[in-house]
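Okay, structure first, notes after.
What follows draws every value from the coordinates through simple rules; no lab data is involved. It should be emphasised that the depicted structure is a prediction, and the values quoted were computed from it without experimental measurement. A quick note on method: Cβ atoms are made from the backbone with ideal geometry, for glycine too, and the neighbour counts reach across all protein chains shown.
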Amino acid sequence: MNCEIVTIGSELLLGHIIDTNASYLARRLNLIGLNIAFHTTVGDNYTQIKDVLCRAVKRADLVITTGGIGPTEDDLTREVIADLVDTPLTFKGELMDQIQSTFDRLGYRMPENNKKQALIPDGAVPIPNEIGTAPGFITEKGSGFIIALPGVPIELEYMLNKQVLPYLKRHFNLNQELITSRILKVTGIGESKVDAQIKDLINSNTNPSVGILASPGDISIRITAYAKSPREAGDLIRPIEQEIRSRLGTNIYGVDDDTLEAVVTDLLNKRGDTLSLIETFSGGELTVRLRRSPLSPVNQSIGLGKREQILSFLDNEAHAITSGTAEALAKKIRNQGNSSIGLALLGTLDRTEKGYEVNAHVIVSGENIKRTYNWKMGGNIPTLQSRGATIALNTLRLALIS
């Protein structure tokens, strides 16, 4: 079955709220075998919502909407769907009782306009909302279905898992197939190079399928399989994963929800290593990422900004920002922090006509461990800082596994 997710709300189009509902719905629906074919976002406009839903019901077997079923004048989803299926809205006393009980439990007096939320299209199956005031509903349109859910994430997730997923499994016999994905996390090479090395696997368009998603600092390779059980899905995914690993090698740092900093932290702890670090142009981002875990092995971290501060830290032993300076910094911070490994991320930001530029060096130094990397790049300051922290983490990771 193909499904379209329609998220409704002008706040989404204005960028005031990040849409987390669509990604959550997609993940949960994939697990029971539904293919998300389309995702559309539309504002709080009657004509535009109706136009979007008209298109959706023609191209998908199931349409799930989020948002627009609140009590205010700009909550239009229920009215549009009733119009679309050519049926009046019907007042449901049981839904009204539940809405009233929610206000009573919270100790508030229910405003008159909340009665609007007890209206659903005639003949629709109500979806009670036990933790909020916006009930949903399921209605039919031709051979397809429309399910309306609230936009509040915690309410949507509760209603989806308790009511909607069991309904879909039962009604469409979806226990027989599921969609499973395995994500390989890649860093150290660009998207185009990854594509060049695995494009034959992407183009094969078989089961499992392979796709690439690039994000700042790393790349995700998604392997997706359709199967009748998790074990069968694993059997389909495993040989493709092994082939990709044989081609990309140590550029793959983790899987699924792994982060680069968590992988590095785990490697340090397994080795029994501690880390002291010094960073300059990265604005403390390297330290922040490595200290997120309560198991962080960082003993000491220092941030230095200006060239004079860097040279002063070395007691003026250096006269320029070079890889030699970085190595001296790594050794000094290692000894000063009484750690087994020292790391220095060194560089200065220089203004250019198009933004900023950094000539950077990262050095990892410890007993029987050393790795260096130098690079030059331009861009805005946040990008240069984030990229610098990522390169430093990956250089440390490669030093630990080599």
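Side notes on the structure shown:
- For Asp44, nonlocal amide neighbours, meaning residues 5 or more places apart or on other chains whose placed amide H falls under 5 Å from its own, are Gly9, Ser10.
- Computed from label points 7 Å out along Cα-Cβ, the spacing between Ile369 and Asn45 is 5.7 nm.
- Cα gyration tensor shape for the range 110-189, rounded if a/c is under 1.5, else prolate or oblate: oblate
- Against the main long axis of the alpha-carbon atoms of the chain, helix 260-271 sits at an angle near 50°.
- Rounded to the nearest 10 degrees, the angle from helix 230-248 to the longest Cα principal axis of the chain is 30 degrees.
- Antiparallel DSSP beta bridges within the chain, percent to nearest 5: 65 percent
- For the range 68-111, the list of chymotrypsin sites (Phe, Trp or Tyr not before Pro) that fall in a loop by DSSP and count at most 15 other C-beta atoms within 10 angstrom reads Tyr108.
- Cα shape, the range 2-176, gyration tensor, a/c 1.5 rule: rounded
- On Cα atoms only, tilt of 323-336 relative to the major axis of the chain in degrees: 80 degrees
- Relative contact order for the chain, counting Cα pairs under 8 Å that sit 6 or more residues apart, in percent: 11 percent
- Across the range 180-193, rounded Karplus estimates of 3J(HN,Hα) from the backbone phi angles (6.51 cos²θ - 1.76 cosθ + 1.60, θ = phi - 60°) give 10, 10, 10, 10, 9, 9, 10, 8, x, 9, x, 4, 5, 6 Hz, Gly and Pro being marked x.
- Each part gets one Cα centre, and for the range 388-402 versus the range 92-159 those centres are 50 Å apart.
- Sparsely packed GluC sites (Glu not before Pro) within the range 50-111, loop by DSSP, other Cβ within 10 Å at most 12: Glu73
- Proximal lysines relative to Lys332, as straight alpha-carbon distance under 29 Å, when same-chain residues fewer than 8 apart are discounted: Lys270, Lys306, Lys370, Lys376
- A DSSP coil position with no more than 11 other Cβ atoms inside 10 Å describes the following trypsin sites (Lys or Arg not before Pro) in the range 329-385: Lys354.
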